[in-house]
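The values are calculated or read from the model by the stated rules, or taken from the named source; none is laboratory data. Since the model is a prediction, treat every value here as computed from it, not as a measurement. Here the Cβ is made from the backbone with ideal geometry for all residues, glycine too, and neighbour counts use every protein chain on show.
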There are 2 protein chains.
Amino acid sequence: MDDEIKQVIIVRTDIEMGKGKLAAQVAHASLTSYFDAEKRDKEVAREWLDSGEKKIVLKVSDEEALTKLYTAFRFKKIPCALVSDRGLTQLPPDTKTALGIGPWHAKEIDLLTKPLKLL
Amino acid sequence: MDDEIKQVIIVRTDIEMGKGKLAAQVAHASLTSYFDAEKRDKEVAREWLDSGEKKIVLKVSDEEALTKLYTAFRFKKIPCALVSDRGLTQLPPDTKTALGIGPWHAKEIDLLTKPLKLL
């Protein structure tokens, strides 16, 4: 567990989404962030797939918290993806809904996500 | 829309999962099914990514319904992935939680999923 690889997905709790909609946003963030990780470091991505794809879903209370985290992860060059909804169904266009991080070294992710709670 | 490509994820509603756990299972099904689709038909997978990765989350009421659908999609050679939870946290080991289907031609998926409701 010392160099665990994991993926974290962070969602906003201040917007109204049905369970299915929420799950689709998380899946979108997961896949897009995975592609970013694979581009950045094929070995880390592969190790994550081979070790059971650990995924953790955390929450923040608003869009500002989400975009600040996105900026911080980009600054640290940790693979990530900010998901905007196209607003075709339940939300206004371009609503930021979720942030995918990694797969990446858990220790490096945790430095920035430690204060956040599980969804 | 005549040859729309989409991904469908089907989840069971008869097991107790928190929202975050559920979203993680959906993400797992989405990613694993995507890899199956990419292996089967790179062009379909690419077209889906380029067209905004449409994802729909549907529900079934028990494990039997989930595994029957899995068998049917496999029989039709439509890319798919059945997700089992390892049972480390909220569920007994090897609980089947979700079925990812596609990305694939929407019309072919719909033939088998038409009776199902949105989660």
Discussion item. Condition (residue is out of contact with any helix residue (DSSP H, G or I) (no Cβ under 7 Å at 6 or more places or on another chain), under 25 Å from B:Leu82 (Cα atoms) and at the interface with chain B (Cβ under 10 Å from one of its Cβ atoms)) applied to the range A:73-91: is it met by at least one residue?
Written reply: no
Worksheet item: In the range A:21-71, which residues are at the interface with chain B (Cβ under 10 Å from one of its Cβ atoms) and outside any helix (DSSP H, G or I)?
Response: A:Gly52, A:Glu53, A:Lys54, A:Lys55, A:Ile56, A:Val57, A:Leu58, A:Lys59
Worksheet item: Tally time: how many residues in the range A:51-99 are at pLDDT 95 or above, loosely packed, with under 15 Cβ neighbours inside 10 Å and either among the polar types (S, T, N, Q) or closer than 18 Å to B:Leu31 by Cβ (or both)?
Response: 3
Worksheet item: Is it the case that the range B:3-18 has a residue that's within 8 Å of chain A (Cβ to nearest Cβ), surrounded by fewer than 23 Cβ atoms within 10 Å (Cβ to Cβ) and in contact with a helix residue (DSSP H, G or I) (Cβ under 7 Å, 6 or more places away or on another chain)?
Response: no
Practice prompt. May I ask you to list the residues in the range B:37-50 that are surrounded by fewer than 22 Cβ atoms within 10 Å (Cβ to Cβ) and not aliphatic (A, V, I, L, M)?
Written response: B:Glu38, B:Lys39, B:Arg40, B:Asp41, B:Lys42, B:Glu43, B:Arg46, B:Glu47, B:Asp50
